[in-house]
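Inspection log for the structure reproduced underneath, given as structure tokens.
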Amino acid sequence: MNTRRVVVTGIGGITAFGRDWASIQAAFAAGKNAVQHIDWSERFPELEAQLGAPIAHYEPPKHWTRKQLRSMGRVSQLCVDAAEQALHDAGLLGDERIKDGRMGVACGSSSGSPKDIGDIGELLLTGSSRNFNANTYVRMMPHTTAANIGIFFELTGRIIPTSSACSSGSQAVGYAYEAIKYGMTDTMLAGGGEEFCASQVYVFDSLYAASRRNAEPELTPRPYDSGRDGLVIGEGAGIFVLESLEHAQARGAKIYAEIVGYGANSDGSHVTQPQKATMQRCMELALRDAGICPEQVGYVNGHGTATEKGDIAETQATAALFGRVPMSSQKSYFGHTLGACGALESWFSIEMMNSGWFAPTLNLDNIDPLCGGVDHIRGEGREILTDYVVNNNFAFGGVNTSLVFKRWRG
């Protein structure tokens with residue numbers, strides 16, 4: 001089968017540290033995180049974890065109309081905003097050619113907007129429709145991000161919703177890559193997002209998997225550290241413009257990196273307990289797709305949730321395949337951005353590969369001996385020259401994803 005090469009030509013991202021790589025890299029280099037104490041004691045008295053990393057003072061762009069906004073909850077606003085940024089970055093914003101069916105969307109989040117889910121819940125529980133209107137379902141539906149991006153930019157290509165929790169963003173990038181690689185379309189917007197909500201903290205708090213270091217937000221989360229006590233929920237969105245190499249070169253587009261491999265599988269055993277064997281197999285599938293061997297990979301971006309079973313399973317799987325490969329996790333800065341993390345961490349992986357400087361895992365003071373098989377990047381960060389980086393994300397339901405990016409040398 002003839003296949004096509006796939007490249008990244010536009011990037012849009014919204015994070016607690018800003019929208020541009022220079023601001024994010026500066027925060028990484030300064031060794032600070034975005035985690036803050038959030039006092040929920042009055043509204044949610046049973047919630048023991050009172051931490052989060054939301055985006056402060058987010059407002060949708062002023063040029064958006066009321067009509068455009070009414071179908072979008074916050075998670076869709078974040079994703080459409082990031083998509084607009086990515087299209088502008090790629091030189092395709094406002095280009096009529098993207099509307100002819102050759103551009104599609106792959107995007108996801110853990111769910112639609114929680115507020116609208118709550119409004120529908122109120123309707124079902126009480127019979128009152130006081131907070132329900134014609135757009136409530138559109139804002140809460142699982143494919144709200146993908147649908148809103150397609151409608152906002154009048155795209156008539158394929159829509160691929162990827163609502164798979166923590167792998168939503170990476171699945172979107174992977175499926176979009178495959179759609180272009182195998183000739184189904186020329187261009188795709190791909191990524192994911194998540195809006196911050198206490199309900200997400202409740203989920204992990206009930207599993208004893210959320211950090212309760214409420215008085216020391218700067219010291220948590222602690223991926224791979226023996227003193228970790230769980231994850232922190234974050235917020236954000238990341239969207240790529242992906243194109244076939246021929247399409248990008250024909251229009252003279254700048255190229256950030258090439259996507260050369262994608263692996264995906266499932267544990268098939270437990271909803272919330274990750275499995276080393278299938279994680280390793282997922283990475284092997286990505287390398288096979290890329291046509292490279294483990295020794296060629298210079299950095300692995302770990303999922304790094306700071307949960308015991310997750311940290312141990314993924315580091316042991318990574319070490320079994322790559323040996324002592326350099327590895328770090330940006331969740332130590334932003335918390336777990338759930339549906340956004342696969343796209344955001346892929347973005348960071350590309351930028352770090354291109355700059356030759358890789359951010360350390362924050363708060364990794366004492367490496368858990370069971371996570372010690374890889375070469376953890378700590379302290380000041382590290383300069384690494386490599387042509388290949390891997391980004392891994394693993395989700396509830398046993399969903400595993402692995403993406404391989406290659407440096408673009410022209």
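The values are calculated or read from the model by the stated rules, or taken from the named source; none is laboratory data. On a predicted model such as this, the values are computed, not experimentally measured, just so you know. Cβ coordinates were reconstructed from backbone atoms using ideal geometry, including for glycine residues, and neighbour counts include every protein chain displayed. Surface areas here come from the heavy atoms of the whole protein model, side chains and all, with no ligands, DNA or RNA. Shrake-Rupley method; radii C 1.70, N 1.55, O 1.52, S 1.80 Å.
Quick notes on this one:
- Among the conditions (1) over 30 Å from Ala248 (Cβ atoms); (2) in a loop (DSSP other than H, G, I, E, B); (3) hydrophobic (A, V, I, L, M, F, W, C), Val201 misses just one, which is (2).
- Yes/no for Arg130 being surrounded by fewer than 17 Cβ atoms within 10 Å (Cβ to Cβ), farther than 23 Å from Lys181 by Cα, of a type outside the set (Val, Ile, Thr) and modelled with pLDDT under 95: yes
- Every listed requirement among (1) within 23 Å of Phe152 (Cβ to Cβ); (2) surrounded by fewer than 20 Cβ atoms within 10 Å (Cβ to Cβ); (3) at pLDDT 95 or above; (4) over 23 Å from the mean Cα position of the chain (by Cα) is met by Pro60 save one, (4).
- Scanning segment 385-408 for residues that are part of a loop (DSSP other than H, G, I, E, B) and either among the polar types (S, T, N, Q) or over 23 Å from the mean Cα position of the chain (by Cα) (or both) yields Leu385, Thr386.
- Once segment 352-377 is narrowed to residues that are under 22 Å from the mean Cα position of the chain (by Cα) and assigned to a loop (DSSP other than H, G, I, E, B), the residue that is farthest from Cys341 (Cα to Cα) is Gly356.
- Some residue of segment 139-156 being open to solvent by less than 50 Å² (accessible area, probe 1.4 Å), assigned to a helix (DSSP H, G or I) and more than 25 Å from Asp186 (Cα to Cα): yes
- Some residue of segment 169-191 being of a type in the set (Gly, Ala, Ser), in contact (Cβ under 8 Å) with a residue 60 or more places away in the chain and in a loop (DSSP other than H, G, I, E, B): yes
- Answer residue from segment 364-410, given it is within 27 Å of Ala190 (Cα to Cα) and at pLDDT below 95 and is surrounded by the most Cβ atoms within 10 Å (Cβ to Cβ) among those: Gly398
- When residues of segment 259-280 are limited to those that are free of Cβ contacts under 8 Å to residues at least 60 places away in the same chain and surrounded by 14 or more Cβ atoms within 10 Å (Cβ to Cβ), the one nearest to Ile180 (Cα to Cα): Gln280
- Criterion violated by Glu345 - all others in (1) part of a loop (DSSP other than H, G, I, E, B); (2) within 30 Å of Asp205 (Cα to Cα) satisfied: (1)
- Considering residues of segment 203-225 that are of a type in the set (Asp, Glu) and open to solvent by 60 Å² or more (accessible area, probe 1.4 Å) only, the residue nearest to Gly31 (Cα to Cα): Glu218
- None of Cys166, Cys107 is part of a helix (DSSP H, G or I), within 17 Å of the chain's Cα centre (by Cα) and closer than 29 Å to Gln273 by Cβ except Cys166.
- Subset of segment 170-198 [under 12 Å from Ser244 (Cβ atoms) and of a type in the set (Ser, Thr, Tyr)]: Tyr177, Tyr182, Thr185, Thr187
- Yes/no for Leu285 being surrounded by 24 or more Cβ atoms within 10 Å (Cβ to Cβ) and of a type in the set (A, V, I, L, M): no
- Out of Arg97, Arg43, Arg66, sole residue that is open to solvent by 70 Å² or more (accessible area, probe 1.4 Å) and touching a residue at least 12 places away in the same chain (Cβ under 8 Å): Arg43
- Segment 106-123 - residue that is open to solvent by less than 10 Å² (accessible area, probe 1.4 Å) and touching a strand residue (DSSP E or B) at 6+ places or on another chain (Cβ under 7 Å) and, of those, farthest from Phe196 (Cα to Cα): Ala106
- Helices (runs of 4 or more DSSP H) fully within segment 229-331 counting 3 or more residues that are within 28 Å of Met188 (Cα to Cα) and over 17 Å from the mean Cα position of the chain (by Cα): 245-250, 276-290
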